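Trainee: This is the structure I want to talk about, given as structure tokens.
Read the figures in this text as sums done on the coordinates, not as results from a lab. All values reported here derive from a predicted model rather than from experimental measurement. Neighbour counts are summed over all protein chains in view; Cβ atoms, including those assigned to glycine, are modelled from backbone coordinates with ideal geometry.
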Amino acid sequence: MSEHIPVIAPRGAPDEADVLRDRTNILIVDDRADKRVVFSTVLEELGQNIITAASGEEALRWLLDNDCAVILLDVNMPGMDGLETAELIRSRRKSAHTPIIFITAFADEMHTARGYSLGAVDYILSPVVPNVLRSKVKAFVQLHRLNAELARRADERVALVKEQMARSAAEDSQRRATFLMEATQVMGSSLDVDTILDGVTRLVVPYLADYCLILLAGEGGGVRARKMTSVPIWDRHLGAGRAAFETALAQLQELIISSGQRLSREGLTGAGELHGLPLVTRGESCGVLVLGLGPSNRRMAGAELGLAESLAGRAASALDNCLLYEEIQNADRRKNEFLATLSHELRNPLAPLRSALHMMRGGQMKPERAAPLLELMERQVGQIVHLVEDLLDVSRITRGAIELRREPLDVATEIRHALEACQGAVDACGHTMVLQLPQEPLYVMADRSRLAQILENLVLNASKYTDPGGRIEVSAESDLQGVAIRVRDNGIGIAREKLARVWDLFVQVDESPERVRNGLGIGLALVRDLVRRHGGTVEAESEGLGLGSIFTVRLPRAAGLNVAPEEKVPAANPGVPARRVLIVDDNVDAAETLAMMLELLGQETRQAHDGTSALRMVAEYQPDLVFMDIGLPGLSGLEVASRIRRDLGMSDTYLIALSGYGTEEDRRKSHYAGFDSHLVKPLDPSKLPAILGAAERRTFAD
Ligand code: ADP
């Protein structure tokens, strides 16, 4: 097209670059070359680029790649006429709004509806009046320039905004990264809850918000710790709306902690926005972080909220670490206290035992003087046994190794047995014991020895924590939830705030310096565990210090069960015939004392102190009864038992296993090895006649 459409440079252009940049295009479309020259000459003065086209097609082709301020279009052209050309120009998006001035010899042509509907903005009668043509075209050129200028400025503004946005986004992300880095430093700097809370509030205000509250929840819905900070004008900002703000804040805290969800509130009286985020660790919400905006007229959304969430996450982990550390420290402190108490408790009974032994060593003591000493020794040994058993139970609980052997038991009968066992201790303190038991039997499915342990612990505690001459009431009744067993005393009581802690292992609530009441802080932990294993609950109540305590155990009733009659413990049989008894134990003292006790019961005894000699002696001595320690050096007790049965073919000898372990698994192992009975050490001497009786019935029955 360039050969047809010369670009005519304006006369007197001041600066070529300026001119070229500022010039706009004017397109002249006419089939007659003379007219194209005339129009070009007339318009040259406007200082624009004049482009000429000799036909509609040619003009349309040029318009594909270019635009112009105005098109002068001859209406009468051969081939595609001006009207047709205008129609096509308008139909293109690029040139849809380019002004068109028709050039026509007949004004009527332009007054037809078609002329205007095709987008003509004006028309000029031919022959043209140069000034008219020039001024009309000039108006469109100026309009075009103006539009171009506006578009350019708009583009510049968009570019500027984009650049500013990109810069501030980069700065923001840099700021956020720095903020989180600072947060990490603060969180990692301490294992103290208050320091962390303080650090979080200082990070938040004023960088993220005008107000910040962080709260760590405590036990039972309480508050463990809280910290609040705000910008100085916050109080003035709240003004009279403070009460409403505090109410909304409290509601928000509660909702967030219970739901574990982020929540926001807007338009609170004078407070702008409030955003509450849960502090979640290990799947549980342990507190809340609240950010408030108001006086700074800022809003929080998108990235800022994300930042607040990251902070809440970091704060939650840091606080969790603090709490875990605290727990470890407490456990360590309790363990140290426990070890100190344990050594004290173990030493307590040893001193009187040693003195009593010393006094008896001479052998010239009269029986009436020896009797009380023996009683004393028995009591002290009983205390040590009790301590050791409790300790073993604690270890069993922590290993999950406690097994229950449940059977239907009448609660009243078990309570009576337990009280008999505690009678000595209760009497020693001069307490009055009051029993309220139901007439009809109340059955529970329980492990007899464990139920006894529960009851004895509660009664002994009642006795221990009541000053001499007190009153202890033990009752049982059936209620909606099952059977309720209550032990009430009028003793020293428990402070309300410490009630929940009595169940913790090694915790002794009585922290008085004299600490006259001995104990290891194990009993109630055992009680609670055992009651739970029975499907029950236990609770402690006290009106406060000096006002006594009530411990209530609730166990599910065994009602509806076809309750089997109780298996009676075989009664001691003083008339057991003399039998040959072999005692196998590597602890010579233990073997010796058992032998002495059996001889007192009229039995003939021999001893062996390891597995091999035990086997030999069984073959020689042919005992009727063998008490065998399981943990023997060399051949174990289990091995010896199975050889007695298998190799020596002695099926009638009654074999009793003595073991420190009494789980179902241990009993099963003894049974498979060939033992008839499995007893847990230490052996209670008062049970020996019954054991001999049972052996007698089994072995020598017809
Ligand atoms: P121990 O008696 O060996 O210290 P427990 O676990 O049996 O341990 O009891 C824990 C704590 O609970 C006791 O140290 C004592 O402070 C308190 N306690 C238990 N029973 C009573 C009671 N009947 N009256 C007052 N305090 C009690």
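Trainee: For segment 45-98, compute Rg over Rh where Rg is the Cα radius of gyration and Rh is the Kirkwood radius from the inverse mean 1/r over Cα pairs.
Mentor: On the way: Rg = 11.0 Å, Rh = 11.6 Å.
Value, to two decimals: 0.95.
Trainee: Using the Cα centre of the chain as the reference point, and only Cβ charges (+1 on K/R, -1 on D/E), how large is the resulting charge dipole? Debye, rounded to the nearest 20.
Mentor: Numbers: 80 positive and 98 negative charges, 89 e Å.
Using Cβ point charges on Lys, Arg, Asp and Glu, the chain gives about 420 debye.
Trainee: On to the next question. Beta carbons within 10 angstrom, averaged per residue: use that to sort the peptides 621-631, 489-499, 367-377, 419-429, highest first.
Mentor: Details: 621-631: 21.9, 489-499: 18.0, 367-377: 12.0, 419-429: 14.7.
With the highest mean Cβ count within 10 Å placed first, the list reads 621-631, 489-499, 419-429, 367-377.
Trainee: Semi-axes, largest first, in whole Å: what does sqrt of 5 times each Cα gyration tensor eigenvalue give for segment 327-463?
Mentor: Values: eigenvalues 192, 132, 40 Å².
Whole-Å semi-axes of the equivalent ellipsoid: 31, 26, 14.
Trainee: Using mean Cβ contacts within 10 Å as the protection proxy, how do 440-446, 383-389, 646-652 order, highest first? Working shown, then result.
Mentor: Numbers: 440-446: 19.4, 383-389: 16.1, 646-652: 11.3.
The packing order, highest mean first, is 440-446, 383-389, 646-652.
Trainee: What's the percent breakdown of Cα-Cα distances in segment 214-330 across 5 Å bins, shortest bin first?
Mentor: 2, 11, 20, 23, 18, 13, 7, 3, 1, 0
Trainee: Okay, moving on. Work out the FRET efficiency for residue 346 and residue 185 from their Cβ-Cβ distance, taking R0 = 35 Å, and round it to the nearest 0.05. Each step should come with its number before you reach the end.
Mentor: Details: r = 49 Å, r/R0 = 1.40.
Rounded to the nearest 0.05, the efficiency is 0.10.
Trainee: Roughly what percent of Cα-Cα pairs across segment 412-493 reach past 16 Å?
Mentor: On the way: 1629 of 3321 pairs.
When all Cα pairs of segment 412-493 are counted, 49 percent exceed 16 Å.
Trainee: I've got another one for you. Report the semi-axes of the equivalent ellipsoid for segment 332-377 in whole Å, largest first, where each axis is √(5λ) for an eigenvalue λ of the Cα gyration tensor. Present the calculation step by step, with values, prior to reporting the outcome.
Mentor: Numbers: eigenvalues 229, 16, 3 Å².
Gyration-tensor ellipsoid for segment 332-377: 34, 9, 4 Å.
Trainee: Determine how many Å³ per residue the convex hull of the Cα atoms of segment 159-224 encloses. Don't jump to the answer; show the numbers that get you there.
Mentor: Working: hull volume 6.5 nm³, N = 66.
With only Cα atoms used, segment 159-224 gives 99 Å³ per residue.
Trainee: Right, next: Can you tell me the Rg and Dmax of segment 583-702, counting just the alpha carbons, in angstroms?
Mentor: Cα radius of gyration and Dmax of segment 583-702 are 13.1, 37 Å respectively.
Trainee: If you don't mind, another one. Under 28 Å Cα-Cα from residue 366, which lysines qualify once same-chain neighbours fewer than 8 residues away are excluded?
Mentor: Within the straight-line limit of under 28 Å, residue 366 reaches these lysines: 687.
Trainee: Apply the Kirkwood formula to segment 23-65: the hydrodynamic radius equals the inverse of the mean of 1/r over all pairs of different alpha-carbon atoms; give it in Å with one decimal.
Mentor: Values: mean 1/r = 0.0946 Å⁻¹.
The answer is 10.6 Å.
Trainee: State the Cα centre-to-centre distance between segment 180-243 and segment 425-476 in whole Å.
Mentor: Taking the Cα centre of each part, segment 180-243 and segment 425-476 sit 51 Å apart.
Trainee: Now for a different question. State, to one decimal in nm, how far the label point of residue 663 lies from the label point of residue 413, with both points 7 Å from Cα in the Cβ direction.
Mentor: Spacing of the two 7 Å Cα→Cβ label points: 3.0 nm.
Trainee: Percent of Cα-Cα pairs more than 51 Å apart in the chain, please.
Mentor: Working: 129252 of 246051 pairs.
For the chain, the fraction of Cα-Cα distances above 51 Å is 53 percent.
Trainee: So what is the relative contact order for segment 168-226, in percent, with contacts set as C-alpha pairs under 8 Å and at least six apart?
Mentor: Details: 37 pairs, mean separation 12.5, N = 59.
Contact order relative to length: 21 percent.
Trainee: Moving on. Can you tell me the order of 162-174, 228-240 when each peptide is scored by its average per-residue count of other Cβ atoms within 10 angstrom, highest first?
Mentor: Details: 162-174: 10.6, 228-240: 15.2.
Taking the mean over residues of other Cβ atoms within 10 Å, the ranking is 228-240, 162-174.
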